[in-house]
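The numbers here are math on the coordinates, done by the rules we state, and not lab data. Everything quoted here is computed from the prediction, not taken from an experiment. Glycine also receives a Cβ, built like all others from the backbone with ideal geometry; neighbour counts cover every protein chain displayed.
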Amino acid sequence: MAIAAARADARLTPRRSEDTAARRIVSIIPATTEMLFAMGAGDRVVAVGSYDRFPPQVEKLPRVGALLDPNVERIIALKPDLVVLYGTQADLRMQLERARIPFYPYLHHGLPDVTETIRSLGARVGVAAQANALADRIEQQLASTRTRVAREARPKTLLVFGREAGTLRGIAASGGVGFLHDMLEAAGATDALADVKQQSVMMSTELVLARAPEVIIELRYGRVDAAARDDLKVWNALASVPAVKNRQLFVLQGDEFVVPGPRVADATARLASTLHPQAFR
Amino acid sequence: MRRRIAVTIAGFGALAIAVCILAPLVGTTNISLARVFDRSIAFADNVDAQVFFVARLPRVLAAVLVGGAFAVAGVVFQAFLRNPLASPDTLGVSSGATLGAVIVITFHLDVAVRGVSALPVASFAGSAGALGVVYLMSLARRRGTSSTVLLLGGVALSAFLGALNRLVQVLGDYTDVFRSMRWMMGSLDVGSYTDIIVPLVPMVAALAAIATLPRVLDLVSLGEPAAESRGVDVKKAERVALVSASLLTGSAVSIGGPVPFVGIIVPHIVRLIVGADHRVVLPAALLFGGSFLVLCDLVARTAFGPAGMPVGAVTALIGGPFFLWLLFRKFR
């Protein structure tokens, strides 16, 4: 994949000076759409992906599919001079190559990739100065969160991003790699699944009991779920888990937790203030 | 013959009991049995007891029920449709259940009322919808259609429900799609006893109805005219059989999702071991199907690291080679 991305990057190397500034951008990834708006290139975005929700301006833009179902015809019809897509969308890349439409392949693994992508995307679009300032700001904010919780004890924390309502079935938790894991560690926690090198782990109830997390944080995104806090009571079935025993169960709502874009610093700060309220008083 | 039935039930029963006692003792966490049953430690503080009673025991019970139900349903469908490739999903019942579950996941309808969550209820409702269509098809059978037509109708219904299912999935976002896929792979980690007890009611009713059928199943497998000449009301027996087997399938899917393979291959494994007499095959399939799924789930939760593996990925992995081995041994 790294080779493929490098090859695609080589294709993107601007040959003429006017290539550097993109004027009509299609971004089908929520994270990159947020980045483009945050770096001041929002007015150049002409279409977005099906799942893009932020900032509110995207609601007015046409939607052209997403990771699994990009609508190539509509993308081409919009006459973009840059398409921001997932690095894994090989078919879409081939079709755009044939149509001679430049693209920016996006891949992300951990938290450092967020600011790295902001810098390189900013340079590609032609707003390098604003993008670098944005990336610096995010890095400073992350550093300040890290400093704030540096002296606090690091509770063993389970970060849950999916579960069937009303039961302990289908628990999906963040594993020891990826931006959620990085955010959790930056917020002053020890990831209860740090040794499981997967981005998402399907948790059995036995694994929750065995890992005995001191804190459980559930992330809710998409529409606001008013019953989420009440639904935390299902964890009571696992009474021996320290987080359950000591009532250290929390729900955090917001799309910023699942979009590795410019709001990661805010999301990390929210995680940190949940884990260490005393440090944020 | 009585003796053969008794010996078979004793043998497969012993296997099922052994598996159900041993399986909860094994897992990724080490627990001490003495501590599990130590009354001097409060349950809330006893991690070993919680691993045993909350995590493992309901899971083993779920596996034994789901495995047994799929296997018996498979036996009934294969006998009545006179087709070795028939399975509990041949008539679209588990496609219906899947559609129900996917609708709940995609439109975020999963609320829980008094500890009973909407997902198993919806999947059961979906299977009941498919069952209704199956019932109408079996009524049409009275007017002289053949079991091949019923089979084709089932395949068409399955395909139709599968298409609706994909249509609904497209409407959801990627996290919904991910959850739907996980549900379709099957999971027996029920985490509570409510999820098992509620579907037990229709399951027991269906098994009681099927228990009246072994002789009919034997005759029907030989062909409809043969059965009718021996005084069997084939149409009526068929309705009882198809409705009960579908009910069994729907209940099983609502517990563990559409676990593949058990319903199609376990009946054949059992017949290779005990022969074709349904008085023996039915109880043997119930007990062996249960034991088989408990063992598969044991492998699923222990052999692939702490995160485990969906049980649906393991059933064919273990059952496939085992079935081929039995087959080659028999026809060498």
Three principal axis extents, largest first, for the C-alpha atoms of the range A:154-280, in Å? 37, 32, 31
Scattering curve values for the range B:173-239, log₁₀ I(q)/I(0), Debye with Cα scatterers, q = 0.22, 0.28 Å⁻¹: -0.91, -1.14
Going fewest to most other Cβ atoms within 10 Å around each Cβ, A:V258, B:V170, B:V198 line up as B:V170, B:V198, A:V258
What's the center-to-center distance, using Cα atoms, between the range A:41-70 and the range A:233-281 in Å? 29 Å
Selection from B:I273, B:F323, B:V93 lying farthest towards where the dipole of chain B points positive, charges on Cβ: B:I273
Compute the angle between helix B:234-256 and the longest alpha-carbon principal axis of chain B, please, reported from 0 to 90 degrees and rounded to the nearest 10. 20 degrees
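Quick one: putting +1 on the C-beta of Lys and Arg, -1 on the C-beta of Asp and Glu, what dipole do you get for the protein assembly as shown around its Cα centre, in Debye to the nearest 20? Walk me through the intermediate numbers first.
Details: 62 positive and 47 negative charges, 247 e Å.
The dipole magnitude comes to about 1180 debye.
May I ask you to sort A:E59, A:E256 by Cβ crowding, counting other Cβ atoms within 10 Å and putting the fewest first? Don't jump to the answer; show the numbers that get you there.
Details: A:E59 11, A:E256 21.
Final ranking by Cβ density, sparse to dense: A:E59, A:E256.
Only Lys, Arg, Asp and Glu count, each charged at its Cβ (+1, +1, -1, -1), so figure out the dipole size of chain A about its Cα centre, rounded to 20 debye. Could you put the intermediate results ahead of the total?
On the way: 36 positive and 31 negative charges, 53 e Å.
Roughly 260 debye for chain A.
Label chain B by shape, choosing from rounded, prolate and oblate, from the square roots a ≥ b ≥ c of the eigenvalues of the Cα gyration tensor; if a/c is under 1.5 it is rounded, and otherwise prolate applies when a/b is larger than b/c, oblate when it is not.
Working: a/c = 1.92, a/b = 1.27, b/c = 1.51.
Oblate, because a/c is 1.5 or more while a/b does not exceed b/c.
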Given the options B:L222, B:L99, B:L150, which has the most mean-square fluctuation in a GNM of chain B, springs set between C-alpha atoms less than 10 angstrom apart? B:L222
In whole angstrom, and with the biggest value first, how far do the Cα coordinates of the range B:64-144 range along each principal axis? 44, 32, 20
Unit charges on C-beta of K, R, D, E only; dipole of the range B:2-330, Debye: 980 debye
Residue-averaged [θ]222 nm for the protein assembly as shown, counting only DSSP H segments that reach four residues, each worth -39500 (n - 2.57): -18000 deg cm²/dmol
Once you order the gyration tensor axes a ≥ b ≥ c over the Cα atoms, which shape class does the range B:1-124 get: rounded for a/c under 1.5, otherwise prolate or oblate by comparing a/b with b/c? oblate
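Please report the net charge: other residues with Cβ closer than 13 Å to the Cβ of A:E214, K and R +1, D and E -1.
Numbers: positive: A:R154, A:K156, A:R211, A:K245, A:R247; negative: A:E152, A:D191.
Residues close to A:E214 contribute a combined charge of +3.
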Give me B:M185, B:M1 sorted ascending by neighbouring Cβ count inside 10 Å, so fewest comes first. B:M1, B:M185
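Report the rotationally averaged projected area of the protein assembly as shown based on its alpha-carbon convex hull, in square nanometres. Spell out each step's value before the answer.
On the way: hull surface 131.2 nm².
So the Cα hull casts an average projection of 32.8 nm².
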Whole-Å distance, taken between Cα centres, linking the range A:124-165 and the range B:224-238: 72 Å
Farthest toward positive dipole pole in the protein assembly as shown [+1 Lys/Arg, -1 Asp/Glu at C-beta], among A:P242, B:S251, A:V177: B:S251
Spatial separation of Cα centroids for the range B:264-332 and the range A:179-213, in angstrom: 34 Å
Given B:A156, B:V26, B:F52, which one lies farthest toward the positive end of the charge dipole of the range B:2-330, if we put +1 on the Cβ of every Lys and Arg and -1 on the Cβ of every Asp and Glu? B:A156
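Loop-only check: which trypsin sites (Lys or Arg not before Pro) in the range B:126-229 are DSSP coil with at most 15 other Cβ within 10 angstrom? Kindly include the intermediate steps, with their values, before the conclusion.
Numbers: sites: B:R141, B:R142, B:R143, B:R166, B:R179, B:R182, B:R215; in loops: B:R143.
Passing sites in the range B:126-229 are B:R143.
Can you pull the percent of Cα pairs in the range A:91-214 with separation above 22 Å?
I get 53 percent for the Cα pairs in the range A:91-214 exceeding 22 Å.
Kindly give the semi-axes, whole Å and largest first, of the ellipsoid equivalent to the range B:158-293, taking each as the square root of 5 times a Cα gyration tensor eigenvalue.
Working: eigenvalues 213, 67, 42 Å².
Ellipsoid half-lengths, sorted descending, are 33, 18, 15 Å.
For every other residue with a beta carbon closer than 12 angstrom to the beta carbon of B:V311, add +1 if it is Lys or Arg and -1 if Asp or Glu, then tell me the sum. If you can, show how the numbers build up before the last one.
Working: positive: B:R59, B:R182, B:R301; negative: B:D189, B:D297.
Around B:V311, the charge tally is +1.
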If amide H atoms are modeled at 1.01 Å from N in the peptide plane, then the residues at a separation of 5 or more from A:L85, or on another chain, having amide H under 5 Å from its own are A:Y104, A:Y106
DSSP-assigned coil residues among trypsin sites (Lys or Arg not before Pro) in the range B:35-85, each with at most 14 further Cβ atoms within 10 Å: B:R39
